[in-house]
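The values are calculated or read from the model by the stated rules, or taken from the named source; none is laboratory data. This one's a predicted model, so the numbers in the text were calculated from it and none came from an experiment. A quick note on method: Cβ atoms are made from the backbone with ideal geometry, for glycine too, and the neighbour counts reach across all protein chains shown.
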Protein chains: 2
Amino acid sequence: MSATATASATLSAPQRLQPRIDACNTITPEAYASFVPFIIDGHRVGALTPWFAERALVACEAALERDAGGAVRVRPELTTADARSRAIAPGLRKLRDDGVITGWRDEIFPCAMGYGQEILLRVERASVSLLGVRAYGVHVNGYVTLANGTKELWVARRAANKQTFPGKLDHLVAGGLPDGMAPSECVVKECGEEASVPESLAVRAKPVSAVSYAMNYNGCCKRDVLFCYDLELPEDFVPVPDDGEVESFERFSIEAVIERMATTEDFKPNCCLVIIDFCVRHGYITPDQAGYVKLVQSLRLAND
Amino acid sequence: MSATATASATLSAPQRLQPRIDACNTITPEAYASFVPFIIDGHRVGALTPWFAERALVACEAALERDAGGAVRVRPELTTADARSRAIAPGLRKLRDDGVITGWRDEIFPCAMGYGQEILLRVERASVSLLGVRAYGVHVNGYVTLANGTKELWVARRAANKQTFPGKLDHLVAGGLPDGMAPSECVVKECGEEASVPESLAVRAKPVSAVSYAMNYNGCCKRDVLFCYDLELPEDFVPVPDDGEVESFERFSIEAVIERMATTEDFKPNCCLVIIDFCVRHGYITPDQAGYVKLVQSLRLAND
């Protein structure tokens with residue numbers, strides 16, 4: 001047995017899972033300082049890589065300028081979210097045509113100072129991580145409780161041709177929160193689209209938590225808050241992939257999910273935060289285990 | 001109707017509860033910098049007020065000294081937890097006799113770098129907040145689920161003669177984690193002592209979370225991590241005060257608890273964090289409400 005294997009055998013479950021959370025928090029305070037601040041109306045709402053800042057300042061000249069401190073700001077003469085959004089849109093489309101913004105979705109994301117606060121700008125979703133703007137999503141833990149009380153989690157396998165994280169294991173249902181949609185509404189919509197969960201069942205999804213992280217994603221500062229939902233499903237319910245984004249669904253015991261997360265990188269990274277939060281809330285991970293406090297605190301490291 | 005009443009009527013539940021969490025986080029980074037670091041074996045484990053640092057350096061001269069940077073450190077020639085604990089104990093008793101340390105309990109608390117890490121020193125519990133050392137406790141949400149699915153929380157009223165927070169509303173059971181005891185064991189012990197919950201029922205308490213805070217408490221830096229447990233009780237169970245610390249128990253609907261917390265300071269401050277965490281996990285507070293993200297993130301502000 002190798003030295004590494006010996007060491008890992010003595011680690012607690014929280015210690016074995018900690019690397020999955022750390023992998024989502026790869027923007028350290030020092031790394032964050034190397035990004036270019038993105039300012040709207042005097043508020044810092046994002047973080048651009050220096051190379052993207054250069055490209056954006058040129059392509060989106062009608063909307064953006066460099067301020068005295070070197071930050072990229074939306075021109076102050078644009079005083080409303082509508083005016084700013086109209087001014088920046090052509091430049092973002094040009095950056096798409098130039099191959100700078102990839103994965104265009106024709107989906108609008110709002111930029112604000114914090115969750116539920118005034119919307120300052122609306123941009124195409126594919127530009128959100130390049131702008132380093134906080135994004136929000138919903139993740140649904142779909143689970144069943146067996147007759148003996150044990151729980152099993154429905155796990156999706158992402159389609160092999162999916163643009164992001166192809167083939168990785170994923171939640172029953174997850175999706176970005178579009179502009180103007182309440183999280184509860186988004187859950188019902190995604191349940192239907194991604195797993196053919198009827199609305200009568202989807203409305204039972206219970207909001208239970210929020211996790212957050214700041215991740216270096218292709219060199220960008222991806223800052224997300226994920227709203228976590230628990231959806232207890234009937235034992236005979238079988239989800240069906242509907243929109244081509246999911247290849248298949250499979251049910252895992254919670255112990256098997258923990259083991260899979262601890263020993264592989266098979267799960268989509270940010271799903272690990274939501275599943276670890278599930279394991280904490282349902283008592284599968286306990287404060288009798290070393291590393292519990294650090295694990296729990298690491299689930300919400302990035303402030304809104 | 002006053003201007004204040006008009007304004008509060010438009011706030012969401014998370015926004016109305018936020019002040020209860022803020023009241024537990026009154027040590028700002030700036031305030032923290034005004035404390036004197038407490039160092040053991042090169043690790044910062046606490047924060048002393050300047051006046052207590054002066055008193056402790058004199059009374060505990062056998063164990064403590066000022067380092068070159070102005071911090072208070074345990075003398076480096078004391079190389080084990082036992083040696084340090086033996087050396088500091090007489091000085092702490094003298095500070096008790098001089099009226100500096102109040103509320104002596106004859107209960108030993110361990111000081112470490114973080115939860116589950118090597119114990120560096122053991123001190124009397126009454127000195128923990130004066131030393132600004134991280135302490136750990138268990139809090140149990142005792143609740144019942146009625147036939148219609150709604151939940152009610154058992155709430156204790158602290159005895160009027162209790163030394164800390166007399167007469168305040170409290171959890172079914174809560175207590176500091178003594179040296180060497182696992183949280184799960186502490187829950188069972190406190191359940192029996194504080195509410196006459198039999199062991200067969202107490203072992204069903206499920207670990208669900210941890211909250212943390214850094215509070216200015218009588219001028220000291222009180223830094224606590226509370227392990228949260230949910231204990232679902234039979235509808236006909238009635239807790240009985242056992243050790244004189246609780247005056248009475250009463251069952252509240254969750255809505256009534258939220259309203260009481262939002263409109264009064266009747267609950268012991270740190271209980272509010274644990275109860276708000278309960279409300280989040282059980283879906284009584286939702287991300288459809290403004291202020292949700294801030295509320296959830298504020299529950300674990302102080303790192304271990």
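Some notes on this structure:
- Qualifying residues in the stretch A:132-153 (those that are of a type in the set (A, V, I, L, M, F, W, C) and at pLDDT 95 or above) - the one surrounded by the most Cβ atoms within 10 Å (Cβ to Cβ): A:Val138
- B:Leu226 vs. criteria modelled with pLDDT under 95, within 12 Å of chain A (Cβ to nearest Cβ) and crowded, with 19+ Cβ neighbours inside 10 Å: no
- Some residue of the stretch B:261-268 being of a type in the set (Ser, Thr, Tyr), surrounded by 21 or more Cβ atoms within 10 Å (Cβ to Cβ) and closer than 30 Å to B:Glu30 by Cβ: no
Here's the yes/no breakdown for (1) under 16 Å from B:Ala174 (Cβ atoms); (2) hydrophobic (A, V, I, L, M, F, W, C):
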{"site": "B:Val211", "(1), (2)": "yes, yes"}
{"site": "B:Asn216", "(1), (2)": "no, no"}
{"site": "B:Asp224", "(1), (2)": "yes, no"}
{"site": "B:Cys228", "(1), (2)": "yes, yes"}
{"site": "B:Glu232", "(1), (2)": "no, no"}
{"site": "B:Val240", "(1), (2)": "no, yes"}
{"site": "B:Glu247", "(1), (2)": "yes, no"}
{"site": "B:Ser253", "(1), (2)": "no, no"}
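- Any hit, the stretch A:198-213, residues being touching a residue at least 40 places away in the same chain (Cβ under 8 Å), in a strand (DSSP E or B) and more than 26 Å from B:Asp288 (Cα to Cα): no
- Scanning the stretch B:72-93 for residues that are assigned to a loop (DSSP other than H, G, I, E, B) and over 30 Å from A:Leu295 (Cβ atoms) yields a total of 5.
- If only residues of the stretch A:14-52 that are more than 20 Å from the chain's Cα centre (by Cα) and acidic (Asp, Glu) are counted, the one that is surrounded by the most Cβ atoms within 10 Å (Cβ to Cβ) is A:Asp41.
- Qualifying positions in the stretch B:94-107 - within 24 Å of the chain's Cα centre (by Cα), under 16 Å from B:Leu57 (Cβ atoms) and either among the hydroxyl-bearing types (Ser, Thr, Tyr) or not in a loop (DSSP other than H, G, I, E, B) (or both): B:Leu95
- Residue in the stretch B:219-227 that is farther than 21 Å from B:Pro269 by Cα, among the charged types (D, E, K, R), in contact (Cβ under 8 Å) with a residue 12 or more places away in the chain and in contact with a strand residue (DSSP E or B) (Cβ under 8 Å, 6 or more places away or on another chain) present: no
- Residues of the stretch B:283-304 satisfying the condition of being surrounded by 17 or more Cβ atoms within 10 Å (Cβ to Cβ) and under 22 Å from the mean Cα position of the chain (by Cα): B:Lys294, B:Leu295, B:Val296, B:Gln297, B:Ser298, B:Leu299, B:Arg300, B:Leu301, B:Ala302, B:Asp304
- Residues satisfying the stated conditions in the stretch B:189-220, i.e. small (Gly, Ala, Ser) and under 19 Å from B:Ala135 (Cβ atoms): B:Ser209, B:Ala210, B:Ser212, B:Ala214, B:Gly219
- Scanning the stretch A:232-249 for residues that are at pLDDT 95 or above and either in contact with a Gly (Cβ under 8 Å, 6 or more places away or on another chain) or within 14 Å of chain B (Cβ to nearest Cβ) (or both) turns up at least one hit.
- Lone unmet requirement of (1) out of contact with any Gly (no Cβ under 9 Å at 6 or more places or on another chain); (2) under 30 Å from B:Thr49 (Cβ atoms); (3) within 11 Å of chain A (Cβ to nearest Cβ) for B:Tyr217: (3)
- Scanning the stretch B:111-127 for residues that are outside any loop (DSSP other than H, G, I, E, B) and more than 17 Å from B:Pro90 (Cα to Cα) turns up B:Cys111, B:Ala112, B:Ile119, B:Leu120.
- Check on B:Gly114, out of contact with any Lys or Arg (no Cβ under 9 Å at 6 or more places or on another chain) and more than 17 Å from B:Asn218 (Cα to Cα): no
- Checking each residue in the stretch A:233-260 for being surrounded by 15 or more Cβ atoms within 10 Å (Cβ to Cβ) and charged (D, E, K, R) picks out A:Glu245, A:Glu247, A:Arg251, A:Arg260.
- Hey, A:Arg134 touching a residue at least 60 places away in the same chain (Cβ under 8 Å) and more than 12 Å from the chain's Cα centre (by Cα) or not: no
- Those residues of the stretch B:62-78 which are over 16 Å from B:Val36 (Cα atoms) and in contact (Cβ under 8 Å) with a residue 24 or more places away in the chain, in sequence order: B:Ala62, B:Ala63, B:Pro76
- Within the stretch B:251-295, if we keep just the residues that are facing chain A (nearest Cβ under 7 Å) and without any contact (Cβ under 8 Å) to a residue 60 or more places away in the chain, the residue that is nearest to A:Asn303 (Cα to Cα) turns out to be B:Val293.
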